[in-house]
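Colleague: Here it is, the structure, as structure tokens.
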Amino acid sequence: MATRAKMTGDRGEAIAVEYLRRHGFLICARNWRCGRYEIDIVAVKSGVTHFVEVRTRAADSVVPPEMTITPAKAGAMLRAAEAYLAMTRTAGEAEFDLVAVEICPDGSYEVRYVANAVEVGW
């Protein structure tokens, strides 16, 4: 049986995918894995590959989703993206973005898209 956190995360990712599609992104992969590394969403828009981390929280959480990407997580995202680019032979510009989803007790939600949420030096 799925945990409440897993169900919340899955709902947040579904909301994020729909948000990105409505804003012109083509979804290339969801939950892409390479070893222990994972990319929540890989999307393309205007020729740029976007590696998107989705963070979902209850609206009354102490820490907002945007504040939960640690340096270790940023490093893992970079390694996963490097593997994705090598395995798919994708070239060109890439960005590391965040979709923050806050879910309210009544089931409504708020989505915030943060472009270049993780700065990396390729």
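The values are calculated or read from the model by the stated rules, or taken from the named source; none is laboratory data. Small disclaimer: the values here were computed from a predicted structure and weren't measured. Positions of Cβ are generated from backbone atoms using ideal geometry, with glycine treated the same way; all protein chains shown enter the neighbour counts. All accessible areas refer to the heavy atoms of the entire protein, side chains included, with ligands and DNA or RNA removed. Shrake-Rupley method; radii C 1.70, N 1.55, O 1.52, S 1.80 Å.
Colleague: For segment 11-27, give me each residue that is touching a residue at least 40 places away in the same chain (Cβ under 8 Å) and either among the basic types (K, R) or part of a strand (DSSP E or B) (or both).
Modeller: Passing the criteria: only R11.
Colleague: Follow-up. Quickly run through segment 2-58 and pick out the residues that are closer than 18 Å to A115 by Cβ and basic (K, R).
Modeller: The answer is R21, R22, K45, R55.
Colleague: If you don't mind, another one. Testing V63 on (1) open to solvent by 20 Å² or more (accessible area, probe 1.4 Å); (2) more than 30 Å from D106 (Cα to Cα), one condition comes back false. Which one is that?
Modeller: For V63, the exception is condition (2).
Colleague: Restricting to segment 28-39, name every residue that is farther than 15 Å from R11 by Cα and in a strand (DSSP E or B).
Modeller: C28, A29, W32, R33, C34, Y37, E38, I39
The rows are residues; the columns are (1) in contact with a Ser or Thr (Cβ under 8 Å, 6 or more places away or on another chain); (2) in a loop (DSSP other than H, G, I, E, B); (3) over 13 Å from I15 (Cβ atoms); (4) not polar (S, T, N, Q).
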position: I41; (1), (2), (3), (4): no, no, no, yes
position: T49; (1), (2), (3), (4): yes, no, yes, no
position: V63; (1), (2), (3), (4): no, yes, yes, yes
position: A74; (1), (2), (3), (4): no, no, yes, yes
position: A80; (1), (2), (3), (4): no, no, yes, yes
position: V99; (1), (2), (3), (4): no, no, no, yes
position: D106; (1), (2), (3), (4): no, yes, yes, yes
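Colleague: Something else now. Can you say whether M87 is among the aliphatic types (A, V, I, L, M), open to solvent by 50 Å² or more (accessible area, probe 1.4 Å) and either in contact (Cβ under 8 Å) with a residue 24 or more places away in the chain or under 20 Å from R21 (Cβ atoms) (or both), as far as the supplied structure shows?
Modeller: When the stated conditions are applied, M87 passes them.
Colleague: Can I ask one more? Filter segment 90-122 down to residues that are open to solvent by 70 Å² or more (accessible area, probe 1.4 Å) and among the charged types (D, E, K, R) and give me whichever is farthest from M77 (Cα to Cα).
Modeller: D106
Colleague: Pick out the one residue from K73, K45 that is open to solvent by 20 Å² or more (accessible area, probe 1.4 Å), free of Cβ contacts under 8 Å to residues at least 60 places away in the same chain and touching a Phe, Trp or Tyr at 6+ places or on another chain (Cβ under 6 Å).
Modeller: Being open to solvent by 20 Å² or more (accessible area, probe 1.4 Å), free of Cβ contacts under 8 Å to residues at least 60 places away in the same chain and touching a Phe, Trp or Tyr at 6+ places or on another chain (Cβ under 6 Å) holds for just one of K73, K45, which is K45.
Colleague: Residue under question is A94, and the condition is that it be out of contact with any Gly (no Cβ under 6 Å at 6 or more places or on another chain), of a type in the set (A, V, I, L, M, F, W, C) and closer than 15 Å to E119 by Cα; does it hold?
Modeller: Considered against the rule, which asks whether it is out of contact with any Gly (no Cβ under 6 Å at 6 or more places or on another chain), of a type in the set (A, V, I, L, M, F, W, C) and closer than 15 Å to E119 by Cα, A94 comes out as yes.
Colleague: Which of the residues that make up segment 26-42 are open to solvent by 20 Å² or more (accessible area, probe 1.4 Å) and within 30 Å of D106 (Cβ to Cβ)?
Modeller: I27, R30, N31
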